[in-house]
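Working notes, beginning with the structure itself.
The values are calculated or read from the model by the stated rules, or taken from the named source; none is laboratory data. Just so it is clear, the model here is predicted, and its values are computed rather than measured. Positions of Cβ are generated from backbone atoms using ideal geometry, with glycine treated the same way; all protein chains shown enter the neighbour counts.
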Amino acid sequence: MWISTILSALLAATPTAATPVTSTPLNAVQDRAPAIVGRLERYSDFPSEYVSARNVQVWLPPSYDADRTQRYPVLYMHDGQMLWDATTTWNHQSWDVDDVMTRLIQSGEIREAIVVGIDNSPQRFAEYMPRKAIAGPVRGLPDQPLMKPVDIQSDAYLQFLVRELKPFVDGHYRTRRGAADTMIAGSSMGGLISLYAMTQYPKVFGGVAAISTHWPAGEGAMVNYLARHLPSPRDHRVYFDHGTATLDAQYAPYQQRTDAVMRNRGYRCGENWLSKTFDGADHSETAWNQRLDVPLRFLLGKQLTRC
């Protein structure tokens, strides 16, 4: 019973223990706490015409203030309240993105980059489920209620990202604005919405990391959607992975079908596409932290990643 409860929370619940913030969307609160490497600027209740307001965090690498002429690629990540500090999350786990980024930057393995974390909302499933991929009612887990297509808000969520948040980030920080330098990543349902973002805005997002992608949502509807709408391999990079324990144990058959789609559409493993299996890894922030270096090297690495 407790396992089912935790998995449901990972898919649909909104963590409520996010780090407190008090700023308006135009005035960042800077976090230089010992737990954060680099500089984390937090925006409370970032407003939107498309979705409910939510907190946003912008992580700047340690060198950001050293060279005022340098511009940086940007990685957008979902479930932002789970990315930075395990002492503030509902399950006391986090991705520790700042630590992993800093380590890889200092070792010269990846380019320096800005990371933007977008908190989820109480409508997480509705915002992360790809709307155009489904034709009828859909659920994320067998014990969740069906949701009608009209209630799915993922198109509105992507409008928020592309029309409101990205222009704000590009206007307030020294970013590289082209698709080749704009990436998006997430886990579970966050993997689905990241892939959907690339199909809807291929000229905005050039790289995607879909980690522990929750393919069973909509009975694998996103696999079929990718087969019809996957953008050109000439200017896109796509990373997939999954574990083999807890919820991730369901994912292998769907991922195998997706990998076939990638090959059929001309993607080349190790060049612009990577699909990894991590034996024994479960569906948790701790597991994603332990392998976060792999998708970061693929998206931001200075050398090609081996297939």
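Whether any residue in the stretch 146-168 is in contact with a His (Cβ under 7 Å, 6 or more places away or on another chain) and either in a loop (DSSP other than H, G, I, E, B) or among the polar types (S, T, N, Q) (or both) is what I want to check. Please lay out each step first, then the result.
Looking only at the stretch 146-168, we keep the residues that are in contact with a His (Cβ under 7 Å, 6 or more places away or on another chain), and these are none.
The answer is no, given that none of the residues of the stretch 146-168 is in contact with a His (Cβ under 7 Å, 6 or more places away or on another chain) and either in a loop (DSSP other than H, G, I, E, B) or among the polar types (S, T, N, Q) (or both).
Looking across the stretch 250-273, just one residue is modelled with pLDDT of 95 or more, small (Gly, Ala, Ser) and over 18 Å from residue 221 (Cα atoms), and that is 266. Scanning the stretch 48-88 for residues that are assigned to a loop (DSSP other than H, G, I, E, B) and within 14 Å of the chain's Cα centre (by Cα) gives 78, 79, 83, 84. When 253, 233 are checked against the criterion of being surrounded by 15 or more Cβ atoms within 10 Å (Cβ to Cβ) and over 18 Å from the mean Cα position of the chain (by Cα), 233 stands alone in meeting it. Quick one: which of 275, 232 is small (Gly, Ala, Ser) and in contact with a strand residue (DSSP E or B) (Cβ under 9 Å, 6 or more places away or on another chain)? 275 is the lone residue from the list that is small (Gly, Ala, Ser) and in contact with a strand residue (DSSP E or B) (Cβ under 9 Å, 6 or more places away or on another chain). Among the residues of the stretch 97-129, the ones that are assigned to a loop (DSSP other than H, G, I, E, B), over 23 Å from residue 167 (Cα atoms) and either under 14 Å from the mean Cα position of the chain (by Cα) or aromatic (Phe, Trp, Tyr) (or both) come to 1 in all. Filtered by the rule that a residue be touching a residue at least 40 places away in the same chain (Cβ under 8 Å) and in contact with a Cys (Cβ under 9 Å, 6 or more places away or on another chain), the stretch 218-277 gives a lone residue, 273.
A count restricted to the stretch 130-145 and to residues that are assigned to a helix (DSSP H, G or I) and within 17 Å of the chain's Cα centre (by Cα) stands at 0. Can we say residue 39 is closer than 21 Å to residue 189 by Cα, at pLDDT 90 or above and of a type in the set (D, E, K, R)? The answer is no for residue 39.
Could you list, in sequence order, the residues of the stretch 198-217 that are touching a Phe, Trp or Tyr at 6+ places or on another chain (Cβ under 6 Å) and in contact (Cβ under 8 Å) with a residue 60 or more places away in the chain?
Taking the stretch 198-217 first, the residues touching a Phe, Trp or Tyr at 6+ places or on another chain (Cβ under 6 Å) are 198, 209-211, 215.
Result: 209, 211.
Looking across the stretch 245-301, the residues that are closer than 19 Å to residue 183 by Cα and among the small types (Gly, Ala, Ser) come down to 270, 275, 301.
Every residue, every condition in (1) buried (at least 22 other Cβ atoms within 10 Å of the Cβ); (2) on the phi > 0 side of the Ramachandran plot, yes or no:
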| residue | (1), (2) |
| --- | --- |
| 40 | yes, no |
| 44 | no, no |
| 63 | no, no |
| 76 | yes, no |
| 92 | no, yes |
| 108 | no, yes |
| 111 | no, no |
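Taken over the stretch 216-249, residues that are over 22 Å from residue 307 (Cα atoms) and of a type in the set (S, T, N, Q) amount to 2. Does residue 209 fit the bill of being more than 20 Å from residue 180 (Cβ to Cβ) and of a type outside the set (Lys, Arg)? Against the criterion (more than 20 Å from residue 180 (Cβ to Cβ) and of a type outside the set (Lys, Arg)), residue 209 does not qualify.
Across the stretch 185-235, what is the total count of residues that are part of a helix (DSSP H, G or I) and small (Gly, Ala, Ser)?
Pass one, the stretch 185-235, residues part of a helix (DSSP H, G or I): 189-200, 221-229.
With the extra rule that they be small (Gly, Ala, Ser), the set shrinks to 190-191, 194, 197, 221, 227.
Residues that pass the stated criteria total 6.
Sort out which residues of the stretch 256-287 are within 17 Å of the chain's Cα centre (by Cα) and not basic (Lys, Arg), and write them in order of number. Give the derivation first.
Going residue by residue through the stretch 256-287, those that are within 17 Å of the chain's Cα centre (by Cα) are 273-276, 283-287.
Correct list: 273, 274, 275, 283, 284, 285, 286, 287.
Being assigned to a helix (DSSP H, G or I) and touching a strand residue (DSSP E or B) at 6+ places or on another chain (Cβ under 7 Å) is the filter here, so list the residues in the stretch 253-271 that pass it.
So the first thing to find is which residues in the stretch 253-271 are assigned to a helix (DSSP H, G or I), and the list is 253-264.
255, 258, 259, 262 - these are the residues of the stretch 253-271 that are assigned to a helix (DSSP H, G or I) and touching a strand residue (DSSP E or B) at 6+ places or on another chain (Cβ under 7 Å).
For beta carbons closer than 9 Å, sequence separation of 6+ or different chains, a first residue in the stretch 104-125 that is touching a residue at least 40 places away in the same chain (Cβ under 8 Å) and over 22 Å from residue 173 (Cα atoms) and a second that is outside any loop (DSSP other than H, G, I, E, B) and of a type in the set (Lys, Arg), the qualifying pairs are 109/103; 109/297; 120/54; 121/54. Selection of the stretch 147-194 for residues being in contact (Cβ under 8 Å) with a residue 40 or more places away in the chain, surrounded by fewer than 16 Cβ atoms within 10 Å (Cβ to Cβ), in contact with a Lys or Arg (Cβ under 8 Å, 6 or more places away or on another chain) and more than 17 Å from residue 58 (Cα to Cα) yields only 155.
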